[in-house]
Amino acid sequence: MAVFTEINETQLNEFLACYFSHYKVTRFEGITAGIENSNFWLDVNLAGKASHWVLTVFEMSDGKELPSIVRLMQHLANNRLPVPAPVNDQHGSAIRELVSKPSLLVPKASGQYIACPGADECHQAGRFLGRMHQVSQNLKCTIPLARDAHWLRQRQKDILRHGPPALSQADQSLLNDEIRYSAQLLTSMSRCPTGWIHGDLFVDN
């Protein structure tokens, strides 16, 4: 189940009125896939023409990173990459609160995911990622790495705080070794060029 926040008709209409002057909702349905946010299929009739959207309510984010994500997505779409970029409301803002949570309205992407991609599909994905890296190279916005060495050490403290039998001595040694290795790897990577990546690339994302 990936719908954590229920949205009633009044809340939905108040939200959509910020985007559209005249509209009729023909479908509003929760999307069961996903684990972090509430997502909904949304079909809207605009001036007699059907339009299809995804409404996302962010459950695990305070919204601080969303302006950078929106800017990236809109930048990629403006450079003709097949990206479902968030749309701006009538006041020029893509991020709005819905049920006191940050939310985005995004055009529904066409197509469907391939459960077992072959070499051709992997090649297409690689070409897209390469183009994404090129197009976003000079985009002056970033998001700090969330799960850095500090985050790893904090999670280690959380685990060990519970005491035995949370981890055996052997497992604690293994965890220490892995965190030390990860910290060294992150340090060496800090000397490499940086840029935007997908970061969550799997068959249906």
Roll a 1.4 Å probe over the protein chains and send me the accessible area per residue for the chain in Å².
-> 69 Å²
Cα coordinate range in the chain, projected on the principal axes (Å, largest first) = 66, 39, 36
Förster radius 25 Å - calculated FRET efficiency between GLN74 and ILE197 (Cβ-Cβ, nearest 0.05) | 0.90
By a straight-distance test (C-alpha under 20 Å), which aspartates and glutamates pair with LYS140 as possible cross-link partners, with residues fewer than eight away in the same chain excluded?
-> GLU65
Accessible surface of the chain [probe 1.4 Å, protein heavy atoms]: carbon and sulfur percent = 53 percent
Taking LYS101 as the anchor, which lysines have their alpha carbon closer than 18 Å to its alpha carbon, excluding any fewer than eight residues away along the same chain?
-> LYS64
For the chain, the longest principal axis of the Cα atoms and the Cα long axis of helix 149-161 enclose an angle in degrees, to the nearest 10, of 70 degrees
Normalised by the residues of segment 59-205, what does the relative contact order come to in percent, with Cα pairs under 8 Å and at least six apart?
-> 25 percent
For LEU139, LEU46, write out the residues from largest to smallest accessible area, computed with a 1.4 angstrom probe and no ligands counted.
-> LEU46, LEU139
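The values are calculated or read from the model by the stated rules, or taken from the named source; none is laboratory data. Quantities reported herein were computed from a predicted structural model and do not represent experimental measurements. Neighbour counts are summed over all protein chains in view; Cβ atoms, including those assigned to glycine, are modelled from backbone coordinates with ideal geometry. Accessible surface is based on the protein model in full, side chains and every heavy atom, while ligands, DNA and RNA are left aside. Shrake-Rupley method; radii C 1.70, N 1.55, O 1.52, S 1.80 Å.
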